[in-house]
Amino acid sequence: MLKKYRKMFAAIIIFLAALNLAACENDTGEAEQAPKNEVYKQVKSSNKIIWGVKNDTRLFSIMDIKENKLVGFDIDMARAITKKILGKNGQAELFQVSSKTKIPVLKNGNIDATISSVTITPARKKIVTFSKPYFYAGQSLLVKKDSKVKNIKSLNNDKAVVAAVKGTTAVENIHKFAPKAHVLEYDDYGQAFTALKAGQAVAMSTDNGMLAGIAAENPGYKVVGGTFTHEPYGIAVNKGQTKLANKIDKALAELKKDGTYSRLMKKWFSEIPGFSIKEAEGK
């Protein structure tokens, strides 16, 4: 009899656990989002903002092996925004993300916000809330320093060959803005740049920020022609966390007003040949 009751008790426990798990999920099987503006309350109580940042994007956020710490424009901006929101004792905790994980970890609540070169798009606006743009990115061109290519129009001929990465909007945009050019598609940016170095292409095309990072590592190259698409980066918070997003917007405005924003732009991008800081600032 005792054995029978034990089995019944175990079955009840399993049933209740299943009900609890179901209550924690929505109809799509995803964990429910934190209540509206709950994240800002957590940030205030902990005096800390957990930021999702990359570790492999030169100039924006990359691991300095010698110093064993993350450095870059995104890192400095995250810390500056944290101080504006929480005061001088506010802490910016850095949580490393990748291109594939930056949105999922935000949705799961592992981080409060992500500043990781996230392009503001209509599709992403459906699942996250964005700040105003903090970096006005757009597609541009990277060429050798002695190249005669000046802008996208220079490539609109059947002799021009442009290197780009498969599956990116860069390929589509080259076809759109320079329809006569030939596009060589590669699996990653390293391969595309290798093609440019080998003379297989006269230009490489992707976001101006990424090209600036490549130019910083390779002195024989320059960014040309400005941007020919509008694809700004924004800081993302989870959908519905509008109070935190508004606080971030206010902090951005203050950083621009007191000169911190321009100082950080110049710190990271002033020595990149052909790169327009004014354009990146949205001026």
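Any read-out appearing in this document is the output of simple, stated calculations on the displayed coordinates, not a laboratory observation. Only a predicted model underlies this, so the values are computations on that prediction, with no experimental measurement involved. Glycine gets a Cβ as well: all are built from the backbone with ideal geometry, and neighbour counts include every protein chain shown.
Mean residue ellipticity at 222 nm, helices only, the chain: -12000 deg cm²/dmol; runs of at least 4 DSSP H residues each add -39,500 (n - 2.57), and the sum is divided by the number of residues.
Taking 15 Å as the straight-line reach from the Cα of K266, the aspartates and glutamates in range (excluding those fewer than 8 positions away in the same chain) are D74, D76, D258, E279, E281.
Please give every one of the aspartates and glutamates within straight-line cross-link reach of K125, meaning a C-alpha to C-alpha distance under 18 Å, and leave out same-chain neighbours fewer than 8 residues apart. Once the sequence-local aspartates and glutamates are set aside, what remains near K125 is E30, E32, D112, E231, D249.
Among the listed pairs K176/K283; K54/K222; K102/K239, give every one whose C-alpha distance is greater than 19 Å. Violating the 19 Å Cα-Cα cut-off are K176/K283; K54/K222.
From the alpha carbon centroid of the stretch 251-283 to that of the stretch 158-235 is 23 Å.
A simple rule links phi to the HN-Hα coupling: the Karplus curve 6.51 cos²θ - 1.76 cosθ + 1.60 with θ = phi - 60°, which for the stretch 157-167 gives 8, 6, 9, 7, 10, 10, 8, 8, 9, 4, x Hz, with x for Gly and Pro. Close amide H partners of T229, meaning residues 5 or more places away or on another chain with modelled amide H under 5 Å apart, are Q139.
Here the peptides 121-133, 235-247, 75-87, 164-176 are ranked by packing, the mean other Cβ count within 10 Å, and the order with the highest first is 235-247, 75-87, 164-176, 121-133. Residue-wise HN-Hα couplings along the stretch 133-149, as the Karplus relation 6.51 cos²θ - 1.76 cosθ + 1.60 with θ = phi - 60° gives them from phi, are x, 10, 8, 8, 7, x, 5, 9, 10, 10, 9, 5, 4, 8, 5, 8, 5 Hz; Gly and Pro carry x. Taking amide hydrogens as placed 1.01 Å from N in the peptide plane, the amide H of I115 sits under 5 Å from those of G52, each at least 5 positions away in sequence or on another chain.
Distant-in-sequence amide contacts of Y186, defined by a placed amide H-H separation under 5 Å and a gap of 5 or more residues or a different chain, comprise A164, V165, K166.
Note on Kirkwood radius over Cα pairs in Å: of the candidates (i) 19.2; (ii) 21.0; (iii) 23.0, the value calculated from this structure sits at (ii).
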